[in-house]
Structures are given as structure tokens and as C-alpha cells.
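The values are calculated or read from the model by the stated rules, or taken from the named source; none is laboratory data. Since the structure is predicted, the reported quantities are computational estimates derived from the model, not experimental observations. Note: ideal-geometry Cβ built from the backbone for every residue, glycine included; neighbour counts use all protein chains shown. What goes into the accessible areas is simple: the full protein's heavy atoms, side chains included, and nothing from ligands, DNA or RNA. Shrake-Rupley method; radii C 1.70, N 1.55, O 1.52, S 1.80 Å.
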Amino acid sequence: GNSVTQMEGPVTLSEEAFLTINCTYTATGYPSLFWYVQYPGEGLQLLLKATKADDKGSNKGFEATYRKETTSFHLEKGSVQVSDSAVYFCARRDSSYKLIFGSGTRLLVRP
Amino acid sequence: NAGVTQTPKFRVLKTGQSMTLLCAQDMNHEYMYWYRQDPGMGLRLIHYSVGEGTTAKGEVPDGYNVSRLKKQNFLLGLESAAPSQTSVYFCASSQSGSTDTQYFGPGTRLTVL
């Protein structure tokens, strides 16, 4: 079917550690892919996106590359900060314009 | 420019009661969406609208109704609330449907007793 699968959290890291949150998708064709972030008590905000294969989205030190060979869009950051503690959602566009979300991965960064 | 706003922020209902959640956007967006967020399940689309006067069902529409009488507003109604509708509800909007970003409101936390 058409879905988005994320690694289960929570992910707990020390400040300045390297972050990877895995995301894979199933779909027909090459949908646009997104990472959204939800800080405590807030709504979702777009973090980055990629609209075609091999595109790299980046923002605030986070990066994700659209890999059609592995149908993946893993989120990475070289050095996390306490302020990055949040829930991260991977999502893809479906055949029209609706977003299909993964279940979310909670990140906790300790000082 | 407030973006996407939602009213109310919190609400507690008894089973069988009705209520309406209001979403408003001031970005002149054509598309609007209602999602619910439940633990371990991400966000699921309830209903959406591709323009004023139009609505369509999403992934989990049962028990909800919507209306888009004005372009800037998208209302979500619960006619007879059930405990299974306890959730956090998010509204979002986007200019179009292709690659445009969806902008989310801050959410409404609803508890049905």
C-alpha cells in the first residue's frame, strides 16, 4: 500500500551528537517528500522538503536526500542541540495533494 | 499576518454533546485540511477542501462534518461526540495542492468523557 514508515522513538542523544532518523515510503511514482517538526505544545512546521529523486532538502542544519533506489528520505543533523528536542514527522504527497504522515519520532537531546 | 488559527485551544465534552471547531487562515489559501493526531499514529486526514464551497472526505471522516462557506474559514463539526474522538485536532492550509507547503495551526485538544 501507500505508507510512510519511521523509526520508533524516542531517540535520546547528548548535545552535539549526530542524528539520523530513518524514513522509508511506499508509493506509485515519485511523490514529493517532507519532514515536519512539532515542538512541544505547538503545531507542525515544515522543516524541509524534496520534490524529485536525488534532491536534497536542508534547513537549520538538518538534511535529507530523496533516494528513489531505497525509497528513503532519512533525516540527518551533524550536531544536535537541546533546542532540537521535538517530534519529527516524515510525510509524502499522495497522488493528488494530500499528505500521508509517518507515526512520528520523538527526539530528546540532553545537555 | 496570523497564519492559521484555531478556536478553541482546549475543550472537554460529554459523550453525545456536539461542538464546532473553527479554523481560520489569512493567507488567501485555496486548500484547507483537518487532521487528527493520536499517539503512535501520526496525523490522519479527516476532511479537506479544495476551495470555497467544496469539501471532501479524507482517511477518517466518520463522525465528523465540515463546511467551507468562506474561503478563509474551515469548520469541523462533531454532531454526537464519542470517547474515540478524544484527540488533538490540527487544521492546515496550502495555496495549491501540488508541491506547496501545508501550514498548520496550533491545534485543539479535545477530550470526550
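Just so you know, in region B:76-113 the residues that are over 26 Å from B:G40 (Cα atoms) and open to solvent by 60 Å² or more (accessible area, probe 1.4 Å) include one that is nearest to the other protein chains (Cβ to nearest Cβ), and it is B:S98. I'd like to know if region A:67-90 contains one or more residues that are in contact with an Asp or Glu (Cβ under 9 Å, 6 or more places away or on another chain), closer than 24 Å to B:Q95 by Cα and within 14 Å of chain B (Cβ to nearest Cβ). No, there is no match, as no residue in region A:67-90 is in contact with an Asp or Glu (Cβ under 9 Å, 6 or more places away or on another chain), closer than 24 Å to B:Q95 by Cα and within 14 Å of chain B (Cβ to nearest Cβ). Scanning region B:37-72 for residues that are part of a strand (DSSP E or B) and either open to solvent by 20 Å² or more (accessible area, probe 1.4 Å) or out of contact with any Leu (no Cβ under 8 Å at 6 or more places or on another chain) (or both) turns up B:Q37, B:R44, B:Y48, B:S49, B:A56, B:K57, B:N65, B:V66, B:S67.
Assess whether B:G42 counts as being within 14 Å of another protein chain (Cβ to nearest Cβ) and more than 13 Å from the chain's Cα centre (by Cα). Here the answer is yes, as B:G42 does meet what is asked. State the number of residues belonging to region A:62-81 that are closer than 28 Å to A:T28 by Cβ, in contact (Cβ under 8 Å) with a residue 24 or more places away in the chain, of a type outside the set (A, V, I, L, M) and part of a strand (DSSP E or B). Total satisfying the criteria: 3. Within region B:1-30, residues that are open to solvent by 20 Å² or more (accessible area, probe 1.4 Å) have Cβ atoms under 9 Å from residues that are hydroxyl-bearing (S, T, Y) and in a loop (DSSP other than H, G, I, E, B) in these pairs: B:T15/B:S80; B:G16/B:S80; B:Q17/B:S80; B:S18/B:S80; B:E30/B:S96, counting only partners at least 6 apart in sequence or on another chain. The residue of region A:54-66 that is surrounded by the fewest Cβ atoms within 10 Å (Cβ to Cβ), among those that are within 19 Å of B:Q102 (Cα to Cα) and within 12 Å of chain B (Cβ to nearest Cβ), is A:N59. For region A:4-30, a tally of residues being polar (S, T, N, Q) and either within 16 Å of A:E63 (Cα to Cα) or open to solvent by less than 20 Å² (accessible area, probe 1.4 Å) (or both) returns 4.
For region A:43-53, does any single residue satisfy the condition of being more than 12 Å from chain B (Cβ to nearest Cβ), aliphatic (A, V, I, L, M) and part of a strand (DSSP E or B)? No: zero hits.
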